[in-house]
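Colleague: Supplied in structure tokens, the structure appears directly below.
The values are calculated or read from the model by the stated rules, or taken from the named source; none is laboratory data. Worth saying up front: this structure is predicted, and the values here are computed from it rather than measured. Cβ placement follows ideal geometry from the backbone for every residue including glycine, while neighbour counts extend to all protein chains displayed. The area values use the complete protein model at the heavy-atom level, side chains included, leaving out ligands, DNA and RNA. Shrake-Rupley method; radii C 1.70, N 1.55, O 1.52, S 1.80 Å.
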Amino acid sequence: MFNEANYENAVISLLETIGYTHLYGPDIERDYHNPLYLEAFNDQISRINSKAHSQAIEEVANKITRFERGTLVQQNKTFMDYLQNGVEVSYQDKGQTKTDIIRLIDYAKPDNNAFHVINQWTVIENENKRPDIVVDEN
């Protein structure tokens, strides 16, 4: 019999065969109000942007989790631009404001990216939401 759990496990197995790492959402300690897997995100962003200033790395997570202006379509366009072209961030370094472009994905060296499939990933946004599967590529 093919039920929801079987479907979920089949998708996870399929993604594992192409190199994704499976994680079980409830086993990950995190802030349930933030949809990002911040620990993995920060590690990967630092790896992909190894020469970037640490404050620029910190700012990128703040910037992508807090843009709420515009319609959903406009927000999706903004995020797609971030994925394709990187995120422009400003930070302070020795009393001066500097800017940098922080890449979310390493297109030149795909092995620098981490690929996760996470099931039962709870997010609290007015109410609990728990998608069966979340695919994380960063």
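Colleague: Mind counting the residues in segment 95-114 that are within 28 Å of residue 15 (Cα to Cα) and either small (Gly, Ala, Ser) or open to solvent by 50 Å² or more (accessible area, probe 1.4 Å) (or both)?
Modeller: First, the residues of segment 95-114 that are within 28 Å of residue 15 (Cα to Cα): 102-114.
Narrowing the set further to residues that are either small (Gly, Ala, Ser) or open to solvent by 50 Å² or more (accessible area, probe 1.4 Å) (or both) leaves 103, 107-111, 114.
Residues in segment 95-114 being within 28 Å of residue 15 (Cα to Cα) and either small (Gly, Ala, Ser) or open to solvent by 50 Å² or more (accessible area, probe 1.4 Å) (or both): 7 in total.
Colleague: Suppose the filter is touching a helix residue (DSSP H, G or I) at 6+ places or on another chain (Cβ under 7 Å) and exposed (fewer than 12 other Cβ atoms within 10 Å of the Cβ); does residue 92 pass it?
Modeller: Numbers: touching a helix residue (DSSP H, G or I) at 6+ places or on another chain (Cβ under 7 Å): yes; exposed (fewer than 12 other Cβ atoms within 10 Å of the Cβ): yes.
When the stated conditions are applied, residue 92 passes them.
Colleague: Can you tell which of 52, 56 is of a type in the set (A, V, I, L, M) and either in a helix (DSSP H, G or I) or closer than 21 Å to residue 115 by Cβ (or both)?
Modeller: Values: 52 fails: either in a helix (DSSP H, G or I) or closer than 21 Å to residue 115 by Cβ (or both).
Sole residue among the options that is of a type in the set (A, V, I, L, M) and either in a helix (DSSP H, G or I) or closer than 21 Å to residue 115 by Cβ (or both): 56.
Colleague: Shifting gears a bit: Just wondering, is there one or more residues in segment 61-72 that are within 17 Å of residue 114 (Cβ to Cβ) and either β-branched (Val, Ile, Thr) or part of a helix (DSSP H, G or I) (or both)? Steps first, please.
Modeller: Narrowing segment 61-72 to residues within 17 Å of residue 114 (Cβ to Cβ): 61, 64.
From the residues that got through so far, the ones that are either β-branched (Val, Ile, Thr) or part of a helix (DSSP H, G or I) (or both) too are 61, 64.
Yes, segment 61-72 has at least one match.
Colleague: Something else now. Among the residues of segment 6-46, which ones are more than 16 Å from the chain's Cα centre (by Cα) and either assigned to a loop (DSSP other than H, G, I, E, B) or on the phi > 0 side of the Ramachandran plot (or both)?
Modeller: Answer for segment 6-46, where residues must be more than 16 Å from the chain's Cα centre (by Cα) and either assigned to a loop (DSSP other than H, G, I, E, B) or on the phi > 0 side of the Ramachandran plot (or both): 18, 19.
Colleague: Within segment 37-62, how many residues are over 15 Å from residue 92 (Cβ atoms), open to solvent by 30 Å² or more (accessible area, probe 1.4 Å) and either in contact with a His (Cβ under 9 Å, 6 or more places away or on another chain) or not hydroxyl-bearing (Ser, Thr, Tyr) (or both)?
Modeller: 7
Colleague: Something else now. Looking only at segment 77-89, which residues are open to solvent by 90 Å² or more (accessible area, probe 1.4 Å) and among the aromatic types (Phe, Trp, Tyr)?
Modeller: Listed by number, the list is empty, since nothing qualifies.
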